[in-house]
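Take a look at the structure below.
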Amino acid sequence: MKQTTEKALNVRGATKTYGTQPGGIQALKDVDLTVRHGEFISIVGPSGCGKTTLLWSIAGLHKLTSGAIALGDEWITGPHPSIGMMFQEANLLPWRSIRKNIELPFEIRKHRPDAARIDSLLDRVGLGGFGDKMPRELSGGMQQRASIVRALASDPTVLLMDEPFGALDAFTRDEMNKLVEEIWIEARKTVILITHSIAEAVYLADKVYIMSARPGQISRVVEVPFARPRSLDLMESRDFFDLVNLIKHDIQHPPTVKSLASIAKRGTA
Amino acid sequence: MNRSNNSAGFASPTGLASGLGGQGAREVIAIIAVAVMVIGGGEFLLRFFEVPQYILPTPSAIAAVFASAEMSTIGQHYAYTLIELFSGYAVGASIGLVLAAVITQFPFVEKVITPYILLLVTTPMLALVPLLILNFGFGYTPRIIAVALASGPMVMINAATGFRRVDTMKIALARSCGASTLQIFTKIRIPMAMPMVIVGLMIGAIFGMITAVGADMSGGGFGLGSRLTTYSSTLRMPEFFACILILAVTGITIYAFFFWLGKKLAGWES
């Protein structure tokens, strides 16, 4: 694999207002975020807190009202080849075979698909031999594995995951979480995961960012202390449970600006 | 591929689709048996009750027409009708497809234009044939125009339904890979519209055929429709029914072709 230079992802003062200024909805307000190269972070928060807006802005799919996003020393003003994205549900094109779906990003960029890499990734996620199947012939979990391959095939530096496993059943979801951690340990991508499942957020991430709504802001950052690789048994441990509850409590009772300052003083959880 | 995937290749308006899809040998035998019974039974009943040929000809009399000298005349006129159908359809369907693709990208234009398209869809273009003949004479021109007017709007209105299907997530996926507007169109919008485009092309072709025959009937002189008028006014019913049979087979061929095309290009949507 090619040696990538260290590229941190920086978000500074990200503000996004929908509609006209006075009556508009402020989806994001002055969001600052730094994700180190190879770091895995999760963003959780109530619906409508702007986490999807933030992720789609990093993907270059939304324009910020003000603020800036940079990957290393490059400004992100639109879709960037070093940033891969996984969407809600698998988002495979039903008229293309699995392999053709995976090759879509190459086709769009007019690059030759890296067949060897695609094959080894398909094998890695347990889809060896399924390349010529159509999406509807695969289960939801298998479709989502294919979409992981699609996002990783062009070897991006940053992987954005927009609530990718929300539609899966609990068992398949656990299985996917395990797979994602394993692949992350092997490939060390910078990952930003958006999820409604706090357990998933904690299980996968180095840090969990909690967002509050209206205006969308990061209200707290929680370091996840558990060693890697993590096992699914971790989810049953007392420490894991406590951390999940702490985050849940924080989402339900967003800290006021005053208490935010005290949290900042206290540091992480 | 299992049978349920086979049978509903694309959004078919009728249950006939499943009838034409893949089926077992037993079903084929049953279909043939029914055909033999209907044709044989008809032959028997018409002979038994001595129904005169000019009221309803026997199947054997109709079949005999295909071996008779009259067949070359019928074939010649059938060719004229096919020329009208293909030319008119080529013009109408292309304009309809392009208009559908373009107009759906501009919601405002679409809102303004749609009522007129609906008007064209619901007005029987056959009614315009006498006027077209007044303007363009008795040749091919008025008939080709009528076919184009009948098929174009049908193609357009169905294709537009297809192009209007926007899946924000699939478009976002393409954009996240840096797709241009043109690439989004060719890689996402067109494949997504394909099932409805094919339905539109099929309905347009069938309406085109109906209109071509109808235009022949009022235009006179040539075309299979004009033969129908001639044969019925001279009470040559076996020939008349032979023409009807040719038209029915043409219609089924159009249907089968688009069914096959739908399975090939839009088989993913079941």
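In segment A:23-139, a dipole from Cβ-located charges (positive for Lys and Arg, negative for Asp and Glu) runs towards its positive end, and of A:SER66, A:GLY84, A:GLY128 it is A:GLY128 whose Cα lies farthest in that direction. From least to most packed, judged by other beta carbons within 10 angstrom and beginning with the fewest, A:PHE171, B:PHE86 follow the order A:PHE171, B:PHE86. Peptide B:191-198 has a mean of 1 when you count, residue by residue, the C-beta atoms of other protein chains within 10 Å of its C-beta.
Filter the DSSP H helices in chain A by two things, a Kyte-Doolittle mean of at least 0.0 and an axial alpha-carbon span of 15 angstrom or more, and list the hits by number.
Long hydrophobic helices here: A:140-153.
Compare the peptides B:117-130, A:73-86 by average per-residue count of other Cβ atoms within 10 angstrom and give them in order, highest first.
Answer by packing, highest mean first, reads A:73-86, B:117-130.
Long hydrophobic helices in chain B, taken as whole DSSP H segments with a C-alpha length of 30 Å or more on their own axis and mean Kyte-Doolittle hydropathy at least -1.0: B:25-48, B:70-103, B:140-164, B:190-219, B:237-266. The mean number of Cβ atoms from other chains found within 10 Å of a Cβ in peptide A:76-86 is 2, as a whole number.
For the peptide A:102-108, the mean number of other protein chain Cβ atoms found within 10 angstrom of a residue's Cβ is 4. By other beta-carbon atoms within 10 Å, ranking A:GLU89, A:GLU182 with the fewest at the front produces A:GLU182, A:GLU89.
Considering only beta bridges that DSSP places wholly inside chain A, some 55 percent are antiparallel.
Remark: for residue pairs A:LYS100/B:LYS263; A:LYS7/B:LYS170; A:LYS16/A:LYS178, the C-alpha separation exceeds 22 Å in A:LYS7/B:LYS170; A:LYS16/A:LYS178. Calculated mean residue ellipticity at 222 nm for chain B: -25500 deg cm²/dmol, from DSSP H runs with n ≥ 4 weighted as -39500 (n - 2.57), summed, divided by the residue count and rounded to 500.
Secondary structure note: in the protein assembly as shown, about 55% of the DSSP beta bridges are antiparallel.
No lab work stands behind these numbers, since they all come straight from the coordinates. In this text the structure is predicted, and so the values were computed from the model without any measurement. For neighbour counting, all protein chains shown are included, and Cβ atoms are generated from backbone atoms with ideal geometry for every residue, glycine included.
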